[in-house]
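Colleague: Please see the structure below; I have some questions.
Laboratory data are not the source of any read-out in this text; all were calculated from the coordinates shown. In this text, all values refer to a predicted model and were calculated from it rather than measured experimentally. Here Cβ is always computed from backbone atoms with ideal geometry, including for glycine, and neighbour counts include all displayed protein chains.
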There are 2 protein chains.
Amino acid sequence: MEQHRVALLGAGGFATGSHLPAIAATRSLRLVAVYSRSSRSVQALAQAAKKYASTAHDDLGIYCDEDGPEAGLEALLKRDDVDTVVMALPIPAQPALIEKAWRAGKSVISEKPIAPSVAEARRLISLSSSSSDSSLPHLSTSRPRWLIAEQFPYTPSFDRAARLVRAGRIGRVRSFNVEVYIQVPKPVGEDNWRKVPDYQGGFLLDGGVHFAAALRHILPSPPISLSASVRQIQPYLPPIDTLQALVTCEDGTTGTVTVSFGIERPNEDKKFVFRGERGTVEVDFADSRTHVVRLVNLPVPSENGPAVEEQHEGCSGPEEPHRMEMEFPAEVGVENEFEAFGTALSPSAGSGSGTSEVLKRCGPRATLRDLAFIEAAIKSSEEKREISLRELVGDEYWNLE
Amino acid sequence: MEQHRVALLGAGGFATGSHLPAIAATRSLRLVAVYSRSSRSVQALAQAAKKYASTAHDDLGIYCDEDGPEAGLEALLKRDDVDTVVMALPIPAQPALIEKAWRAGKSVISEKPIAPSVAEARRLISLSSSSSDSSLPHLSTSRPRWLIAEQFPYTPSFDRAARLVRAGRIGRVRSFNVEVYIQVPKPVGEDNWRKVPDYQGGFLLDGGVHFAAALRHILPSPPISLSASVRQIQPYLPPIDTLQALVTCEDGTTGTVTVSFGIERPNEDKKFVFRGERGTVEVDFADSRTHVVRLVNLPVPSENGPAVEEQHEGCSGPEEPHRMEMEFPAEVGVENEFEAFGTALSPSAGSGSGTSEVLKRCGPRATLRDLAFIEAAIKSSEEKREISLRELVGDEYWNLE
């Protein structure tokens, strides 16, 4: 198998703990270089790479800015044998590096959110798709120039829920309720890593886009507008830690969304419920080890007389709702995601349906909607009115193609 | 005990099944007359009264319009021995009859909602409190002129939740989620009693005010604005059967509310959840026989070190949340409500704290807020913006005193 060669930029916890093992597990990807700003952190990253057979090769390039310009990012980007740059860097740092990587002729997998703001995301999407910008080399294959590592559409529980809902197993969706209450503990002593973030929304942007992405992936009709209220409850979680929204989809379906990192809880409480004309789908992901997807199907009423049950395996009586419970490991989906990314990026992929599916789940225009969800919530809270996601994103960026 | 003499107007299901037995059970009230438009229905009502010892007396006055003006409502209202008129009549019919009863010098207990519209409710409140309108006689005692039979603040489960929340058992309220999914079956054959109602909101006004009232009663800080979306899902439930709202309270607390009579369900799903800084209170009233109130208290963190549990009976370990589950009969609260009304109306009540509590739960200005909740939701959905409940109600009607 011809492998697609990648460099990993960033040595934070998610880069080491999730991106690195996901790259290692993806047969179509080969890690050829790693980079971090400091020598110490990149050495730790290189050390971590040695744990996996597929990334433990001796010719792994190690780059950091501390060792001078010939050993830093510029040097890494000059290498011809790097096809794609994978970034797991702080939100505000990514846009400039994404652009730099493109100008060096690389594809980019960047960590969510797509950008710190909708305006910045639009600028980058526009740049990435521009054929007139001579500073942007054509990629040697038809591979995507940009994918965003937003793993929730690849998390098995959410993906299963999406397939159930999209296959019509609960009929038309009537309503949904999202309740995500996550406890972020108060930092102890001098640890103030949660100081005021230099991007809108803070923790709520960073963590919140995931739930917007899961909702987008599951709903058959996309959210197009919302009314929301955002607040800060915990002093140590500035600028906001709680979001509540009323969401309207293109087909008129409405639902409510609560995402809070600031409300004290006896337990974490994380749940998506979709109610349709023929049943309900629930994703309960409060447990740290097991996600549970519950499907309830209503008996179908006949035209004249009592309800008759559709034929499903294990159904219980003609008038009883049919219930099914599925358990999934609470894995975050990063490996599935990189597997799909690897296929889409490999030279043989072309622009087949695999690539189109990847773009639908994690392409720039898809993940722009997740960012817009958070930005619209902030804007709606400030302006006390419904905000159109479509207007915020812009007609020319709304189309997923 | 000196009894307060009441006449019951209306012979529908709720008048016969709830108001009549509640009056019968209230020692301070004595039913002296009944009225309905048709002879047949008032005879049925009189017959039903005979089932209760306290209303089975021979001198029960029976009035209907079919038997001529001297046997109809006008004649009933001319009786000096009727202190209060209890109305369980269709929403659009009540305002004119309320006014008529006042002009005859009677107090009124009318069925919720207070009026078909906020404008009409304001007009009636203004009239009832007007000292300059010479057509409105002073009541012989200081008893309230008007109470609205909205029983949810007197329903044991909601009232218990209110006392827990208001007593600070969960600390400051952080957020709330109300989910009420009720199945209203499709009428069979020619039964189209659910034809287009002649008042706003239809079923959603009629049934929805209850949940607004329960929420109002439980929340320590009143809802002051909302963003909402209303829809019709079932063709047989015009004009709307589903409401979703994002609600903001005076102290900045936010919550979501879903009330639907139109969404197909495997089971009814009826739940209020209040999340506070020190725990949660949940009212689960999906079961038709038993309401469940669940209280969870978080361990209180000490200043330096691990959390320590407050002293509660039956607490489980120092670090575990304390959980308590309480069951209540799923009674609707009408009897408790009439008991309180009877005390407030009796000549000896004066303007004591009992009356003030009754007015806080079921007075005109209190229940005006419930009506405003539904009207604001409809308005917000039309205008796609947040609606201020306080503005809609009007500053001069917002004060509960």
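Colleague: Could you point to the residue in B:Gln183, B:Leu345, B:Pro137 farthest towards the positive end of chain B's charge dipole, with +1 and -1 charges on the Cβ of Lys/Arg and Asp/Glu respectively?
Modeller: The one lying farthest along the dipole's positive direction is B:Pro137.
Colleague: Using the scaling law 2.2 N^0.38 Å as the reference, what is the normalised Cα Rg of the range A:171-258?
Modeller: This ratio for the range A:171-258 stands at 1.26.
Colleague: For a distance above 16 Å, tell me the whole-number percent of Cα pairs in the range B:353-401 that qualify.
Modeller: The answer is 42 percent, as a whole percent.
Colleague: Within 10 Å of each residue's Cβ, count the other Cβ atoms and sort A:Arg174, A:Arg40, A:Arg369 from fewest upward. Don't skip to the answer; put the middle values down first.
Modeller: Working: A:Arg174 24, A:Arg40 12, A:Arg369 27.
Result, fewest neighbours first: A:Arg40, A:Arg174, A:Arg369.
Colleague: What list of whole percents do you get for P(r) of the protein assembly as shown, with Cα-Cα distances grouped in 20 Å bins up to the one holding the largest distance?
Modeller: Result, from short to long distances: 14, 40, 29, 12, 4, 0 percent.
Colleague: Any idea what diffusion coefficient the range B:14-66 gets from Stokes-Einstein, in µm²/s, Kirkwood Rh on alpha carbon pairs, 10 °C, 1.306 mPa s?
Modeller: In µm²/s, the coefficient is 144.
Colleague: Write down, largest first, the equivalent ellipsoid semi-axes of the range B:144-191 in whole Å, where each equals the square root of 5 times an eigenvalue of the alpha-carbon gyration tensor.
Modeller: Equivalent ellipsoid semi-axes, largest first: 32, 20, 9 Å.
Colleague: Figure the gain on full extension for A:Ser142 and A:Glu391 (residue separation times 0.36 nm, minus the Cα-Cα span) and round it to one decimal in nm.
Modeller: Residue separation times 0.36 nm, minus the Cα-Cα distance, leaves 86.6 nm.
Colleague: Measuring from a point 7 Å past the Cα of A:Arg40 along Cα-to-C-beta, which residues in the range A:61-82 have an amide N at less than 19 Å?
Modeller: Counting backbone N atoms under 19 Å from the label point, the list is A:63-68.
Colleague: Okay, next question. Could you work out how far apart the two model spin labels at A:Arg163 and B:Lys50 are, taking each label as a point 7 Å from the Cα in the direction of the beta carbon, and quote it in nm?
Modeller: Simple spin-label model gives 6.8 nm for this pair.
Colleague: Treat the count of other C-beta atoms within 10 Å as a stand-in for reagent exposure and order A:Tyr199, A:Tyr397 from fewest to most.
Modeller: A:Tyr199, A:Tyr397
Colleague: Right, here's the next one. Given contacts defined as C-alpha pairs under 8 Å and at least six residues apart, what's the relative contact order of chain A, whole-number percent?
Modeller: It comes to 18 percent, rounded to a whole number.
Colleague: Would you tell me the mean number of C-beta atoms belonging to other protein chains that fall within 10 Å of each C-beta in B:244-255, as a whole number? Let's see the in-between values first.
Modeller: Numbers: counts 11, 4, 13, 3, 5, 0, 0, 0, 3, 4, 11, 4.
Counting other chains' Cβ atoms within 10 Å and averaging over B:244-255 gives 5.
Colleague: Still on this structure: Under 20 Å from a point placed 7 Å out from the Cα of B:Lys78 along the Cα-to-Cβ direction: which residues of the range B:13-44 have their backbone N that close?
Modeller: B:32-39
Colleague: Next up: Please grab the % of Cα pairs in the range B:93-161 that end up more than 18 Å from each other.
Modeller: Of the Cα pairs, 42 percent sit more than 18 Å apart.
Colleague: Something else about it: Return the FRET efficiency for the residue pair A:Leu400, A:Arg289: r is the Cβ-Cβ distance, R0 is 41 Å, and the value is rounded to the nearest 0.05.
Modeller: Once rounded, the FRET efficiency stands at 0.75.
Colleague: Same structure, new question: Would you give the gap between the C-alpha center of the range B:16-57 and the C-alpha center of the range A:220-289, rounded to a whole Å?
Modeller: 49 Å
Colleague: Let me confirm one metric for peptide A:170-176, namely the mean number of other chain beta-carbon atoms within 10 Å of its residues' beta-carbons.
Modeller: Mean shielding by partner chains, rounded to a whole number: 4.
Colleague: In nm, to one decimal, how far is the modelled label at B:Glu383 from the one at B:Ser221, with both set 7 Å along Cα→Cβ?
Modeller: Spacing of the two 7 Å Cα→Cβ label points: 2.3 nm.
Colleague: Once all Cα-Cα distances of chain A are split into 10 Å bins that start at 0, what whole-number percent is in each one?
Modeller: Percent of pairs per bin, in order: 5, 21, 30, 25, 14, 4, 1, 0, 0.
Colleague: Inside 10 Å of the C-beta atoms of A:81-92, what's the mean count of C-beta atoms belonging to other chains? Intermediate results must be reported in sequence, preceding the final value.
Modeller: Values: counts 0, 0, 0, 0, 0, 0, 0, 0, 0, 0, 0, 0.
Per residue, the average neighbour count from other chains is 0.
Colleague: Oh, and also: Calculated from DSSP H runs of 4 or more alone, at -39500 (n - 2.57) each and per residue, what is the 222 nm mean residue ellipticity of chain B, nearest 500?
Modeller: -9000 deg cm²/dmol
Colleague: How high is the relative contact order of the range B:140-294? Use alpha-carbon pairs under 8 Å, at least six apart in sequence, and give a whole percent.
Modeller: It rounds to 32 percent for the range B:140-294.
Colleague: Taking every DSSP beta bridge with both residues inside chain A, roughly what % is antiparallel (nearest 5)?
Modeller: 60 percent
Colleague: Obtain the nm distance between the two label points defined at B:Glu66 and B:Asp133 by a simple spin-label model: each point lies 7 Å from its Cα along the Cα-to-C-beta direction.
Modeller: Between B:Glu66 and B:Asp133, the simple spin-label model gives 3.3 nm.
Colleague: Note down, for the range B:51-193, the three equivalent ellipsoid semi-axes (square root of 5 times each alpha carbon gyration tensor eigenvalue), biggest first, whole angstrom.
Modeller: Working through the eigenvalues yields semi-axes of 33, 24, 18 Å.
Colleague: Take the alpha carbon atoms of the range A:1-123, find their radius of gyration, then divide it by 2.2 N^0.38 Å using N residues; give the quotient. Numbers along the way, then the final one.
Modeller: Values: Rg = 13.6 Å, N = 123, 2.2 N^0.38 = 13.7 Å.
Rg over 2.2 N^0.38 Å, computed on Cα atoms: 0.99.
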